């Protein structure tokens, strides 16, 4: 891992400086190492087909499913084979591979060991055992298995490649170089070993060109090796060769957005914007970022979304424009992708359409905004929308600018247009809610915040804003729920909240009181009064399972200054729950604490008496019940009569 990070840092730091390039190249490098480690691949073995017909069918289906990357079904097939013939060691071997791919590595070990016990040690078995151990990060055990495999088949190139990968993971570069070189001695066509040698040389010597001989050799043997083509295009100073490599790489892997980006860059450097434009557009399509992730703070993600929306609008309009002007616009867009905003703006200024084509005006706005020229950007967005009112991103940008200028009514109109053009851009509800709030239109703000929060329940800031709006409209309990949910618990006046819930109970609206108590206690565990309401409702329903899920949380989160009756009540419920579960010592402790808090708690005395009785301590039970009866508990007398019998 350390080597891979070093190599990524070298390529991204020395060769390229754009954020988009850095991300794409890093992903490609890690993707290459992941795809070439061979840990999830498997070594095939010779199968003796002397089994009966049905067993042979199951075995063959297992092999086919494994080959088609369906290890779940393959595991079922091989398990069926083993059920019919438990001595068929090949079935254990292949089922072990299924388990490895399913990340059930303990079972994989067991099956691979069983295969070797039945057959005796064999090369492929040790290879697979080593892979399982490496996946489990047991480097020492992995090395032991690879060494055993090497002793059984010292001329197998793959064993040295796997050992080289393991050494690289352990940052043992010299050992890795030796292993990859040995791999190539036995198989000169082992491309990944040669590529790894070149990459290690880069990280070791800090020079990009030292890898080129290795990459050239790989491509001499395999001219369409997509990894070698990519790395050579990155490392070589020969721009003509680089473009040829990237063209081949696109042919081999047309969905690879890194290759598309690099070819777009190469075309841009040549001034071939007609060829660069579709490549950059493919990159944008392949790295789509939702508008709902837009923050409006000119972050990296914001700029990425800007470019993607600019690309979408450019594709819609550019092909109907005069060729010469369209070429300039494509050039400007390519420059925007590369972060060359000033050059993009200068290019757009050269078009004959700059003052009346909405695409030109919009792109000038994007370039100006990225350059920090916000007054110019707003003017360009205004001009663009005057000529085409369907530009979603221009409405969004103008709405945000209008909020910054406190032009709330105007921003509401723009965000309404955003939602008209794209109802899935639900973040516009949040923005519009902010504008409604600042105009004092709290009900409308609540409606917009609520629509937004249906799609993003994790936005605590917006939940907090809605809490304030609820409070402004006199919806006190709703505001308390939102304050609790938004981690603004400190705002809550728990005594006032308790009074509001008591008012609902006095109106016999128990369901509503329970609802609010339940919502608030989920995030305010020290709101004991809420638990009291919930437990009373649950006890009437006989819902002891529901009580048990929460009562111990409540009993461990009392706050200072709490009403002693509520404090004692919750302890009593906890004690009674423990008694029902036959945890008598725990129950006695809780009930004793309840009585200590409130000496007039007749129910706590009654429950403690029941617990004493269950423990066989009748005299203590009798004593508690007498006290409970003296305090007026109606059940105590009957219990005393029963104990007398």
At the level of C-alpha centres, the distance separating the stretch 312-326 and the stretch 46-68, in angstrom, is 58 Å
Give me the percent relative contact order of the stretch 564-645, please, defined on Cα pairs under 8 angstrom at least 6 residues apart.
24 percent
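Taking a quarter of the surface of the convex hull around the Cα atoms of the stretch 438-554, what do you get in nm²? Walk me through the intermediate numbers first.
Details: hull surface 31.4 nm².
About 7.9 nm², averaged over all directions.
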Mind jotting down the distance between the C-alpha centroids of the stretch 264-289 and the stretch 441-457, whole Å?
39 Å
Scoring the chain by relative contact order with C-alpha pairs under 8 Å, at least six apart, yields a percentage of 4 percent
For the chain, state the semi-axes of the equivalent ellipsoid (square roots of 5 times the eigenvalues of the alpha-carbon gyration tensor), sorted largest first and rounded to whole angstrom.
61, 48, 20
May I ask you to sort 627, 148 by Cβ crowding, counting other Cβ atoms within 10 Å and putting the fewest first?
148, 627
On a C-alpha basis, how far is the centre of the stretch 214-260 from the centre of the stretch 333-355 in Å? Whole number, if you could?
30 Å
Mind checking the angle between helix 71-84 and the chain's longest principal axis? C-alpha axes, 0 to 90 degrees, to the nearest 10.
80 degrees
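So if I take the alpha carbon set of the stretch 288-388, get Rg, then get Rh from the Kirkwood formula, what is the Rg over Rh ratio?
On the way: Rg = 12.6 Å, Rh = 13.4 Å.
Rg divided by Rh gives 0.94.
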Fully extended, how many nm does the chain gain between residue 67 and residue 141 (0.36 nm per residue separation, minus their Cα-Cα distance)?
23.9 nm
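Cut-off is 10 Å between beta-carbons; in what order do 129, 590 appear when sorted fewest neighbours first?
Fewest-to-most ranking of 129, 590: 129, 590.
Using a 10 Å cut-off around each Cβ, can you sort 419, 363, 501, 631 from fewest to most neighbouring Cβ atoms?
Working: 419 20, 363 28, 501 23, 631 16.
Listing 419, 363, 501, 631 from fewest to most nearby Cβ atoms yields 631, 419, 501, 363.
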The answer for the per residue Cα convex hull volume of the stretch 84-158, in Å³, is 82 Å³
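On a full-extension model of 0.36 nm per residue, what is the gain between residue 557 and residue 312, subtracting their alpha-carbon distance, rounded to one decimal in nm?
On the way: separation 245, 0.36 × 245 = 88.20 nm, distance 5.42 nm.
Residue separation times 0.36 nm, minus the Cα-Cα distance, leaves 82.8 nm.
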Treating the Cα atoms of the stretch 564-645 as identical point scatterers in vacuum, please give the log10 of the normalised Debye intensity I(q)/I(0) at q = 0.14, 0.21, 0.26 Å⁻¹, two decimals.
-0.38, -0.86, -1.23
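Where a number appears in this text, it was derived from the coordinates with a stated rule and is not lab data. Here the structure is a predicted model, which means the values were calculated and not measured. Neighbour counts are summed over all protein chains in view; Cβ atoms, including those assigned to glycine, are modelled from backbone coordinates with ideal geometry.
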